[in-house]
1. Enter the Cα centre distance for the pair region 106-120 and region 33-88, rounded to the nearest angstrom.
2. With +1 on the Cβ of every Lys and Arg and -1 on the Cβ of every Asp and Glu, and nothing else charged, how large is the dipole of region 2-125 about its Cα centre, in debye rounded to the nearest 20?
3. Have a look at 29, 62, 107 and report the one farthest towards the positive end of the charge dipole of the chain, computed about the Cα centre with Cβ charges (Lys/Arg +1, Asp/Glu -1).
4. When only Cα pairs under 8 Å and 6 or more residues apart are kept, what is the percent relative contact order across the chain?
5. Label residue 42 and residue 62 with points 7 Å out from Cα along Cα→Cβ: what is the distance between them in nm?
6. With a cut-off of at most 14 other beta carbons within 10 Å, and DSSP calling the residue loop, which GluC sites (Glu not before Pro) in region 6-67 qualify? Please list them.
7. Going 7 Å from the Cα of residue 89 along its beta-carbon direction, which residues of region 35-53 have the amide nitrogen within less than 16 Å of the resulting point?
8. What net charge do the residues around residue 34 carry, taking every other residue with its C-beta under 13 Å from that of residue 34, with Lys and Arg at +1 and Asp and Glu at -1?
Amino acid sequence: MMVKPDGVRRGLVGQIVSRLENKGLTLAAMRMMVIDPELASAHYREHRDKGFYGELIQFITSGPVVAMVWEGREAPSVVRLLMGATDPAKAEPGTIRGDLALDLSQNVVHGSDSQESAEREIALYFPSRDR
């Protein structure tokens, strides 16, 4: 999971971490960083041919992010449920995006959509972490 630049700028990291801890997930790794364009390209590789790709890269590299590894039963699915729909206008109240996100392009958080994606993204952001 990642708190995107808008979430970091707005001081929402602690609130987001608390929501995941309160759900019973365990924070296994955390790193604040500014993503460079090369890493952003690797992260969003499946979107390269889409019209919004450039905007994604520009936004995710616009300021610091907080990348995290969360562990627990069905962690990727649980995180996605807590995050809410990608479009905050469609996200349920009580979810991170439903309560905190401003719009589709500034939706506060990113979460892996599967265990496989989580493993790939963990390797990108925590390359020296034991798996």
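Values quoted throughout were computed directly from the atomic coordinates according to the rules given, and no laboratory measurement underlies them. Only a predicted model underlies this, so the values are computations on that prediction, with no experimental measurement involved. Here the Cβ positions follow ideal geometry from the backbone for every residue, glycine too, while neighbour counts run over all protein chains shown.
1. 6
2. Dipole of region 2-125, to the nearest 20 debye: 240 debye.
3. It is 29.
4. Computed over the chain, the figure is 31 percent.
5. In this crude spin-label approximation the distance works out to 2.4 nm.
6. none
7. Nothing falls inside the zone, counting backbone N under 16 Å.
8. Counting the neighbours of residue 34, the net charge comes to +1.
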